[in-house]
Amino acid sequence: MNSVQKMINLLTICRRAGRLTIGFDAVSDAVKNKKAFCVMTASDISANTLKEISFVCSKYNVKIIPARLTKEELEFYLGKTTAVIAVCDRGFADSFTALAEKL
């Protein structure tokens, strides 16, 4: 199983566990309230959205992980169209970070 498939599997498990926050505004709030341990971005995120979420994450020292999934693929696996996802669990965030380093 490749790293992208492992990331997809981990995303769906994390979603079922209720540890994902989906959508720009909700993710920004999670980062500001120190609930997010990392933020994942879609591969086709707009430059403006990436700039804005990067600013928020750098201000609150939250790591950004680029996912190798498009917004359409994220919609298929998560049930909602989004370009930004916050992982609100340290263990899941560490796993996503390790997987991202392998990509």
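The values are calculated or read from the model by the stated rules, or taken from the named source; none is laboratory data. Predicted model only: the values in this text are computed from it and were never measured. Quick reminder, even Gly has a Cβ in these numbers, built from the backbone with ideal geometry, and neighbours come from all protein chains shown. The protein model used for the area step is the full one, side chains on, heavy atoms only, and it has no ligands, DNA or RNA in it. Shrake-Rupley method; radii C 1.70, N 1.55, O 1.52, S 1.80 Å.
Tell me which of these Met1 doesn't satisfy, since it passes every other one: (1) at pLDDT below 95; (2) under 15 Å from Leu99 (Cα atoms); (3) of a type in the set (A, V, I, L, M); (4) open to solvent by less than 20 Å² (accessible area, probe 1.4 Å).
All conditions pass for Met1, except number (4).
List, please: which pairs have Cβ atoms under 7 Å, are six or more places apart or on different chains, and start with a residue in the range 19-46 that is assigned to a loop (DSSP other than H, G, I, E, B) and end with one that is of a type in the set (Asp, Glu)?
What qualifies is Arg19/Asp89; Phe37/Asp89.
Any idea which residue in the range 65-103 is most open to solvent (accessible area, probe 1.4 Å), counting only those that are in a strand (DSSP E or B) and at pLDDT below 95? So that I can check it myself, show each step before the final result.
Start the filter on the range 65-103 by keeping residues that are in a strand (DSSP E or B), which leaves 65-66, 84-87.
With the extra rule that they be at pLDDT below 95, the set shrinks to 65-66.
Details: Ile65: 3, Pro66: 87 Å².
That would be Pro66.
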